[in-house]
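First up is the structure itself, then whatever we jot down about it.
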Amino acid sequence: VTARGTIAEIEGRSAAAKARAIAAAMRTTGVAIVRGPLDRPAYFAIASALGRIFHEASIYVDPTASYYVRSPGPVPFHTDHVRANVVSWLCEVPEAADNCYLDATRVFAELTAAQRTALQKVHAYCPYPRQSRLDPDRPVLTTPIVSAKPARFFWVPLARPADEIADLPTPCIHAPTTAGGRAAIAAFRARIEVPAEAADVRVRLAAGEAIFVDNNRFMHGRGALPPTSPRRLYRFWINTDGWASAERHHVREPALDARV
Ligand SMILES: [Fe+2]
């Protein structure tokens, strides 16, 4: 834990009690830890009491992988799936490396007023796996990088203005932006580039410990890992607000289907 960030230590006898404490922590510190030790069934009980788990994944290092989630290389700060307002990881095999979290509301507040205004007009494409069972009619998701009330952030580090990366096979785009929007994106990016230096919260998880993070507020990232790292995390994407946030951001917003 760093001087800037605080992390809630979750107590509670039952899974439901722990989930209530996590929900409260998401509204305050935005980062919460359950010491456990938890196994997958105990972890599932807590997470499913917190909200709707709509994706699970085992996270491990693959030295041949180039994409962030399994690459041993450094992972820049980002948010996960736009519909997961809580992202959580259970540590199954630990690694002597920090997991880093950065408070986007703090970074945003440090921008100029003009940059903040411009950034709120920029939308980004969500490149994560589409949860089509719950979303059969919206195969392409776009969302504002930041919306003000309540403050929500979405940041994918690969995102570039659409006209700069039109030839890329994977569309990680910002919708076309003004010069002011581009300057605001650059200013935001410059403040978050190096996870180890920019982080508000750093944490080393032990086996059986689980961390829960407000994915609308905190970005996550890490430094490089050894290519042979045994690190293994089990991740849930959780929606705790009845999908209302998804409706607000996607159903009422025009999709970019025609362009991507
Ligand atoms: Fe991630």
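Since every read-out is calculated from the coordinates, none of them should be taken as a lab result. The model shown is predicted, which means the values in this text are computed figures rather than measured ones. No Cβ is skipped: glycine too gets one built from the backbone with ideal geometry, and neighbour counts run over all protein chains shown.
Here the calculated FRET efficiency for A96 and A186, from their Cβ-Cβ distance with R0 = 45 Å, stands at 0.85, rounded to the nearest 0.05. For N215, the residues whose modelled amide H falls within less than 5 Å of its own, excluding neighbours fewer than 5 places apart on the same chain, are V86, V87.
Evaluated with a Cβ-only charge set (Lys, Arg +1; Asp, Glu -1), segment 1-134 carries a dipole of roughly 620 debye about its Cα centre, given to the nearest 20. Between Y60 and T112, what's the calculated FRET efficiency when r is the beta-carbon distance and R0 is 35 Å? Round to 0.05. Working from the Cβ atoms, E equals 0.30. Counted residue by residue at 0.36 nm each, then reduced by the alpha carbon distance between them, the extension gain from T105 to Y68 reaches 11.0 nm.
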